[in-house]
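Data first, discussion second: the structure below is written as structure tokens.
No lab work stands behind these numbers, since they all come straight from the coordinates. Because the structure is predicted, anything quoted here is derived from the model rather than measured. Note that we place each Cβ from the backbone using ideal geometry, even for glycine, and neighbour counts take in every protein chain shown.
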Amino acid sequence: METRTDHMKYMEGMEVISSDIMDRVIREMNDYDYDSYTESDVKAALSHERCSLEDYKALLSPAALPFLEEMAARAQDETRRHFGNSVYLFTPLYISNYCENYCIYCGFNCHNKIKRAKLDQAGIEKEMEAIAKTGLEEILILTGESRKASDVKYIGEACKTARKYFKMVGLEVYPMNSDEYRYLHECGADYVTVFQETYNSDKYETLHLAGHKRVFPYRFNAQERALMGGMRGVAFAALLGLADFRKDAFATGMHAYLLQKKYPWAEISFSCPRLRPIINNDKINPKDVHEPQLLQIMCAYRIFMPFAGMTISTRERAGFRDHVIGLAATKISAGVSTGIGSHVEGEEEKGDDQFEIADNRNVEEVYDSIIRQGLQPVMNDYVYV
């Protein structure tokens with residue numbers, strides 16, 4: 001049996017930065033008693049022009065759930081004010097599913113017996129060429145968390161290839177040091193997404209049993225290191241259903257809020273993922289995080305940080321995704337596969353999926369759905385610098 005190392009202790013080679021944000025977020029999260037908020041607190045929060053931290057806490061509380069309709073109306077107003085009727089489209093591209101971490105809820109975990117694969121640069125270009133033909137101009141490059149199988153240079157070469165086909169290149173890979181993020185930015189990436197999974201460090205320790213991902217503070221500070229490395233923007237998420245979802249949602253927003261204050265030029269966005277079944281474990285589910293609770297969280301994020309982007313993934317069913325892009329979400333994925341090498345028509349998928357998706361629509365179908373709602377699909381409006 002593997003020895004479980006101290007999850008709060010940095011491993012060799014991990015950059016330690018001077019930042020008090022983690023301590024502040026954890027302290028506020030631990031002090032957050034969502035059951036103490038009342039109906040009057042929620043009404044007061046919705047009446048304020050600007051959402052304070054206390055208002056945000058009230059909007060995430062159980063007392064706010066009966067006011068979901070009012071929250072959705074307020075969220076929609078904020079979304080329209082800051083984003084108009086634009087909805088951005090993108091797709092993820094998984095280039096490797098090798099992983100050195102043992103995360104018990106993830107299909108890529110190093111002990112799960114799945115078909116492993118890693119695309120070479122020619123394979124990556126082939127996939128990107130196929131994706132670009134759908135009209136998409138933004139791509140999110142993903143790997144399993146293995147420095148050995150997917151080193152920084154390998155990811156950098158993928159970014160260089162992506163720049164040939166796409167106007168915006170994002171990354172969702174293992175956390176890195178700031179100099180490595182700087183190198184990847186120079187290769188063409190300008191956005192980094194990192195899921196903290198859960199902000200409860202004790203629960204985190206029981207879910208991440210081995211590998212670099214086990215180190216809680218290194219993962220927590222990834223977005224700040226990415227900004228230090230010159231990335232334009234960063235995205236935050238907790239995987240809802242792993243722990244107390246209200247505290248995790250609160251901490252996610254607090255983390256983004258404090259980093260925005262420290263780096264006011266940075267573009268901030270949220271993802272809102274729930275647990276999904278994986279290969280060899282179809283019983284994994286988001287427990288008490290049902291669609292109303294998920295919508296509550298999304299609306300609270302939007303009201304608290306009205307200028308932040310928000311992505312709704314294919315973890316959710318098509319009907320729910322179509323509903324929330326008219327309310328709080330500003331970005332939606334399309335033509336998604338979480339397997340390796342599955343975008344080229346007529347070719348067999350080379351590696352197994354990370355999790356089961358719930359919306360299998362292609363780019364054209366998602367695009368048309370956005371149009372039918374009177375919204376404007378946007379492929380890209382950024383210039384890489």
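Using Cβ contacts closer than 10 Å as the measure, can you line up 208, 48 from fewest to most?
By the 10 Å Cβ count, ascending: 48, 208.
Using the basic label-point model (7 angstrom from Cα toward the beta carbon), what is the residue 4 to residue 104 distance in nanometres?
Distance between the two pseudo-spin positions: 0.8 nm.
Could you work out the Rg to Rh ratio of the chain, with Rh taken as the Kirkwood radius (inverse of the mean 1/r over all Cα pairs)?
0.94
Within the set 118/153; 133/167; 262/331; 160/213, which residue pairs have Cα atoms separated by over 19 Å?
Correct reply: 262/331; 160/213.
Between residue 157 and residue 39, what FRET efficiency follows from the Cβ-Cβ distance if R0 is 56 Å, with the result rounded to 0.05?
About 0.50, to the nearest 0.05.
Non-local amide H neighbours of residue 86 (under 5 Å, H modeled in plane, Pro and chain starts lacking H): which ones?
376
How many angstrom lie between the Cα centre of the range 177-213 and the Cα centre of the range 60-135?
The two parts, judged by their Cα centres, are 15 Å apart.
Quick check on the chain: helices-only [θ] at 222 nm, where DSSP H runs of length 4 and up contribute -39,500 (n - 2.57) each and the sum goes over total residues. Nearest 500, please.
Theoretical 222 nm ellipticity from helices: -11500 deg cm²/dmol.
Hey, what do the phi angles of the range 60-77 turn into as Karplus ³J(HN,Hα) couplings, whole Hz, using 6.51/-1.76/1.60 and θ = phi - 60°, x for Gly and Pro?
Values per residue, Gly and Pro as x: 8, 7, x, 5, 7, 4, x, 9, 4, 5, 5, 5, 5, 5, 5, 4, 4, 4 Hz.
What length, rounded to one decimal in nm, is gained on full extension from residue 129 through to residue 372, with 0.36 nm per residue of separation minus their alpha-carbon distance?
Extending this stretch completely gives an extra 84.7 nm.
Quick one: Karplus J couplings for the range 243-249, per residue in order, coefficients 6.51, -1.76, 1.60, θ = phi - 60°, nearest Hz, x for Gly and Pro?
Whole-Hz 3J(HN,Hα) from phi for the range 243-249: 9, 5, 5, 5, 5, 5, 5.
In the chain, with Lys and Arg counted as +1 and Asp and Glu as -1 at Cβ, which of these residues, 67, 258, 56, has the Cα nearest the positive end of the dipole, that is, farthest along it?
258
Amide H to amide H under 5 Å from residue 310: which residues, 5+ apart in sequence or cross-chain, H placed 1.01 Å off N in plane?
270, 330, 331
Along Cα→Cβ, 7 Å out, is where each label goes; now give me the distance between the ones at residue 30 and residue 317 in nm to one decimal.
About 4.0 nm, to one decimal.
Antiparallel DSSP bridges in the chain: what percent, to the nearest 5?
Close to 10 percent.
Between residue 68 and residue 15, what is the label-to-label distance in nm when each label sits 7 Å out along the Cα-to-Cβ direction?
Here the modelled spin labels are 4.2 nm apart.
Quick check: Cα centre of the range 154-176 to Cα centre of the range 5-26, how many Å?
Using only Cα atoms to place each centre, the spacing works out to 26 Å.
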